[in-house]
Amino acid sequence: MVSEDNVIEDSVSVEDDFDGDDYDYDDGGDYYDDDYGDAGDDDDDYGLVEDDDVDDPGAMVSRRPKLGYSVLQEADIKQRQEDDISKVSTVLSLSQVEATILLRHYNWNVNEVHDEWFSDEERVRKSVGLFERPVVYVSDASEFTCGICFDLLPCDNFASASCGHPFCRECWQGYICTSINDGPGCLLLRCPEPSCKAAVGPDMIDKLAPCEEKEKYSQFLLRSYIEDNREAKWCPAPGCENAVNFAVGGGDFDVTCLCSYRFCWNCTVEAHRPVDCETVTKWMLKNSVDGENVNWILHNSKTCPKCKRPIEKNQGCMHMTCTPPCSYEFCWLCLRAWSSHGLATGGFYSCNAYEAEMQKGNVDAEMRREMAKNSFEKYTHYYERWASNQSVRCFSLIFHCI
């Protein structure tokens, strides 16, 4: 059960974020004037050329706005992935399969692979599962007993990873197919031997998996290049298979995909400049369901400190783990990383840091509960004004298209 003290700490800030003093709605003006209205006041921001520079091509190029991102189609993603694999393979004198396993383990970060490898090659090989030589040497017998099905079969019916543990092809195929059908976790597949950590690479998939599973594995491998990359994200538009590579560190996160969909690269929702992502996330949460459900969420859930997904705790200890691909581990009470918790901080069912905040009066559950109860009327007021601005914006876009 959830105690009364386990109330989301953002319920106060949610109400304050929509204070009328924060935004200017005078005379029902269009909130989106900066992006969709008259752009005459912002000519300098868009690099427009003065009349004196029309005859100077160099001046036109220098004044052209530079995009801090690039849109990648499937062919571009494959090419970048192959280039990174070839680069690691060449520099470290490894096979393409070993380079692929290394890059996948380090989230396709070429520089990190190089740094870790040259820092301690033996440690990296051990953690990733790249064996330089087999740990099991098969005898010259003509028949072997499979360690999974225990059938006695000819030696040509066996296969093994770099570790050398022999298993029959039929058992290998079942093991690989089951892992691939379970999801992207197949990219981190290890030897079926329980005590062995040898990695199973794409070469084993190509040799033992059926065509359908091979295609799934290839798609998982391709998608991991974007989903594990800190500088790339998929376009959230329905049906779009493009990705956007963003130069992390830029100030403006608004990007436009080749499908013409404009979105914020930071939070992957529709472009919302100049409103910050945190405010937009809270606003969308309130708009996604009616007021009663919003109040229930405020009372009974907390957001993951890393990915901001709402999480409900209905039983168990205070050690929380967010769902994949986030998988962030944190304390339910203080919302800090679980790595900083242990027996010295109260164990699994209490938190000294949270109790200290309670004693100081920094956590007031009753006040938050009361404000959440009275927030819906204020929310309705601002929702009506937001909906009005949305309709004006849509009308403006339609008018410009005519």
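The values are calculated or read from the model by the stated rules, or taken from the named source; none is laboratory data. What you are looking at is a predicted structure, and each value in this text was computed from that prediction instead of being measured. For neighbour counting, all protein chains shown are included, and Cβ atoms are generated from backbone atoms with ideal geometry for every residue, glycine included. Surface accessibility is based on the protein's heavy atoms, side chains included, excluding ligands, DNA and RNA. Shrake-Rupley method; radii C 1.70, N 1.55, O 1.52, S 1.80 Å.
How many residues are out of contact with any Lys or Arg (no Cβ under 8 Å at 6 or more places or on another chain), assigned to a loop (DSSP other than H, G, I, E, B) and open to solvent by 50 Å² or more (accessible area, probe 1.4 Å) when one looks only at the stretch 83-108?
The number of residues fulfilling the criteria is 2.
What are the residues in the stretch 185-195 that are part of a helix (DSSP H, G or I) and either buried (at least 19 other Cβ atoms within 10 Å of the Cβ) or not assigned by the TED database to the domain that holds residue 216 (or both), if any? Even if it seems obvious, please write down each step before you answer.
As a first pass, look at the stretch 185-195 and keep what is part of a helix (DSSP H, G or I): 185-188.
186, 187 - these are the residues of the stretch 185-195 that are part of a helix (DSSP H, G or I) and either buried (at least 19 other Cβ atoms within 10 Å of the Cβ) or not assigned by the TED database to the domain that holds residue 216 (or both).
Say we look at the stretch 295-343 and pick out the residues that are of a type in the set (Gly, Ala, Ser) and under 22 Å from residue 107 (Cα atoms); which of these is modelled with the lowest pLDDT? Talk me through it step by step, then tell me what you get.
Let us first name the residues in the stretch 295-343 that are of a type in the set (Gly, Ala, Ser), namely 301, 316, 327, 337, 339-340, 342.
Then keep just the ones that are under 22 Å from residue 107 (Cα atoms); that gives 327, 337, 339.
Details: 327: 85, 337: 85, 339: 81.
Restricting to residues being of a type in the set (Gly, Ala, Ser) and under 22 Å from residue 107 (Cα atoms), the top hit is 339.
Somewhere in the stretch 110-119, is a residue in contact with a strand residue (DSSP E or B) (Cβ under 6 Å, 6 or more places away or on another chain) and either under 15 Å from residue 198 (Cβ atoms) or among the hydrophobic types (A, V, I, L, M, F, W, C) (or both)?
First pass over the stretch 110-119, keeping only residues in contact with a strand residue (DSSP E or B) (Cβ under 6 Å, 6 or more places away or on another chain): none.
Within the stretch 110-119, none of the residues are in contact with a strand residue (DSSP E or B) (Cβ under 6 Å, 6 or more places away or on another chain) and either under 15 Å from residue 198 (Cβ atoms) or among the hydrophobic types (A, V, I, L, M, F, W, C) (or both).
Being surrounded by fewer than 18 Cβ atoms within 10 Å (Cβ to Cβ) and either farther than 14 Å from residue 169 by Cα or in contact with a helix residue (DSSP H, G or I) (Cβ under 8 Å, 6 or more places away or on another chain) (or both) is the filter here; which residues of the stretch 197-207 pass it?
Going through the stretch 197-207, the residues surrounded by fewer than 18 Cβ atoms within 10 Å (Cβ to Cβ) turn out to be 197, 203, 206-207.
Listed by number, the residues that qualify are 197, 203, 206.
Under the condition of being of a type in the set (Phe, Trp, Tyr) and more than 27 Å from residue 218 (Cβ to Cβ), which residue from the stretch 140-182 is surrounded by the most Cβ atoms within 10 Å (Cβ to Cβ)?
Taking the stretch 140-182 as the starting set, the residues that turn out to be of a type in the set (Phe, Trp, Tyr) are 144, 150, 158, 167, 172, 175.
Now drop any that are not more than 27 Å from residue 218 (Cβ to Cβ), which leaves 144, 150.
Working: 144: 18, 150: 9.
So, considering only residues that are of a type in the set (Phe, Trp, Tyr) and more than 27 Å from residue 218 (Cβ to Cβ), the one surrounded by the most Cβ atoms within 10 Å (Cβ to Cβ) is 144.
Report, by residue number, each residue of the stretch 327-344 that is open to solvent by less than 40 Å² (accessible area, probe 1.4 Å) and not in a loop (DSSP other than H, G, I, E, B).
Correct list: 330, 331, 337, 338.
State yes or no: is residue 230 under 16 Å from the mean Cα position of the chain (by Cα), part of a loop (DSSP other than H, G, I, E, B) and either closer than 18 Å to residue 108 by Cα or outside the structural domain of residue 127 (by the TED database) (or both)?
Details: under 16 Å from the mean Cα position of the chain (by Cα): yes; part of a loop (DSSP other than H, G, I, E, B): yes; either closer than 18 Å to residue 108 by Cα or outside the structural domain of residue 127 (by the TED database) (or both): yes.
In short, yes.
Looking at the stretch 371-382, is at least one residue in contact with a strand residue (DSSP E or B) (Cβ under 9 Å, 6 or more places away or on another chain), at pLDDT 70 or above and not in a loop (DSSP other than H, G, I, E, B)? Break it down stepwise before answering.
So in the stretch 371-382, the residues in contact with a strand residue (DSSP E or B) (Cβ under 9 Å, 6 or more places away or on another chain) come out as none.
Looking through the stretch 371-382, none of the residues is in contact with a strand residue (DSSP E or B) (Cβ under 9 Å, 6 or more places away or on another chain), at pLDDT 70 or above and not in a loop (DSSP other than H, G, I, E, B).
Which residues, taken from the stretch 240-261, are open to solvent by 80 Å² or more (accessible area, probe 1.4 Å) and either within 19 Å of residue 304 (Cβ to Cβ) or at pLDDT 90 or above (or both)?
Within the stretch 240-261, 241, 258 meet the criteria.
Taking the stated definitions as given, is residue 385 over 22 Å from the mean Cα position of the chain (by Cα), at pLDDT 75 or above, surrounded by 14 or more Cβ atoms within 10 Å (Cβ to Cβ) and of a type outside the set (Val, Ile, Thr)? Talk me through it step by step, then tell me what you get.
On the way: over 22 Å from the mean Cα position of the chain (by Cα): yes; at pLDDT 75 or above: yes; surrounded by 14 or more Cβ atoms within 10 Å (Cβ to Cβ): yes; of a type outside the set (Val, Ile, Thr): yes.
It is true that residue 385 is over 22 Å from the mean Cα position of the chain (by Cα), at pLDDT 75 or above, surrounded by 14 or more Cβ atoms within 10 Å (Cβ to Cβ) and of a type outside the set (Val, Ile, Thr).
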